[in-house]
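The values are calculated or read from the model by the stated rules, or taken from the named source; none is laboratory data. All figures in this text were calculated on a predicted structure; none of them were measured in a lab. Cβ placement follows ideal geometry from the backbone for every residue including glycine, while neighbour counts extend to all protein chains displayed. Ligands, DNA and RNA are excluded from the accessible area calculation, which covers all protein heavy atoms including side chains. Shrake-Rupley method; radii C 1.70, N 1.55, O 1.52, S 1.80 Å.
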Amino acid sequence: MDLSWSEADSTFRDEVRQFMAEKLTPEISRAGRLMTSVYSDHEASLAWQAILHERGWAAPAWPVEYGGCDWSLTQHYIFSRESQLAGAPSLSPMGIRMVAHAIVKFGTPEQKAFFLPRILTAEVFFCQGYSEPESGSDLASLSMAATDDGDHLVCTGSKIWTTHATEANWMFALVRTSRSGKKQHGITFVLVDMTTPG
């Protein structure tokens with residue numbers, strides 16, 4: 001098996017390396033190298049996302065029509081590897097890697113038009129609303145409920161351990177909309193404006 005890069009892949013690798021060398025500032029690189037988890041310094045991550053977005057590389061795994069890159073699997077690997085080698089900070093996965101794919105697959109045209117471009121620019125910054133005081137990894141035990149009052153879904157309950165809740169302006173949350181049947185059923189995925197009262 002030949003594991004060497006093709007000429008096109010080598011050219012792409014060199015392009016990524018040059019981009020990293022030119023755009024990755026010492027401050028942003030330092031934040032990337034000091035990461036202790038999947039989350040880097042918030043401000044550095046946003047600064048790096050803006051740089052990547054300007055180049056069209058903020059969300060390479062998205063469909064091209066929404067701002068993704070028409071890359072091969074090898075190019076995705078090269079970009080990820082070169083980013084790591086250069087010390088680039090990771091972007092928050094909540095918007096770009098998690099909720100965006102749900103919006104692409106299941107969102108209305110209006111939701112796609114509103115959220116996807118704003119996730120790319122970080123104008124919309126998501127946190128994840130899964131864990132609750134009595135429900136951690138076992139999401140079937142969720143108790144936070146949402147009832148339809150005719151105009152809105154009214155949520156009652158609480159979420160905890162919500163990474164980036166202090167920075168986020170939107171949350172994607174799992175809430176219980178039915179208690180009939182198996183406890184794994186009746187769970188709904190909702191997008192919550194963090195300025196909502198309560």
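Ranking Ser37, Ser178 from most to least accessible surface, computed with a 1.4 Å probe over the protein chains only, gives Ser37, Ser178. Only helical runs count toward this figure. For the chain, summing -39,500 (n - 2.57) over DSSP H runs of n ≥ 4 and dividing by all residues gives -11500 deg cm²/dmol at 222 nm.
Compute the FRET efficiency between Glu7 and Val64 as 1/(1 + (r/R0)^6), taking r as their Cβ-Cβ distance and R0 = 22 Å, and round to the nearest 0.05.
So, using R0 = 22 Å, E works out to roughly 0.40.
A probe of 1.4 angstrom, applied to the heavy atoms of all protein chains, finds Thr195 with accessible area near 110 square angstrom.
Surface composition of the chain: carbon and sulfur make up 53 percent of the accessible area, probe 1.4 Å. In this structure the chain gives 59 Å² per residue of accessible area when probed at 1.4 Å with all protein chains present.
Counting only protein heavy atoms and using a 1.4 Å probe, the accessible area of Arg176 comes to about 10 Å². Between Asn169 and Phe125, the built amide H atoms are under 5 Å apart, and every one of these is 5 or more places off in sequence or on another chain. Remark on Cys69: its backbone amide H falls under 5 Å from those of Ala61, Trp62, a criterion applied only to residues 5 or more positions apart or on other chains, H modelled at 1.01 Å from N. Between Leu139 and Val190, the simple spin-label model (points 7 angstrom out along Cα→Cβ) gives 1.6 nm. For Thr163, what residues show an amide H to amide H distance below 5 Å, using hydrogens built from the backbone and excluding near sequence neighbours? It is Gln128, by chain and number. Segment 136-198 and segment 74-95 have Cα centres spaced 31 Å apart.
Highest-first packing order for the peptide set 39-46, 11-18 is 39-46, 11-18, based on the mean count of other beta carbon atoms within 10 Å. Note on Asp14 and Ala113: the extension gain reaches 32.2 nm, defined as 0.36 nm multiplied by sequence separation minus the Cα-Cα distance.
Taking label positions 7 Å along the Cα-Cβ direction at both Glu27 and Thr147, the computed distance is 5.0 nm, reported to one decimal. Under Stokes-Einstein, with the Kirkwood radius over Cα pairs as Rh, the value for segment 70-198 at 10 °C and 1.306 mPa s is 96 µm²/s. Phi-derived couplings, Karplus 6.51 cos²θ - 1.76 cosθ + 1.60 at θ = phi - 60°, listed residue by residue for segment 79-89: 4, 5, 5, 5, 4, 5, 4, 7, x, 5, x Hz, with x used for Gly and Pro.
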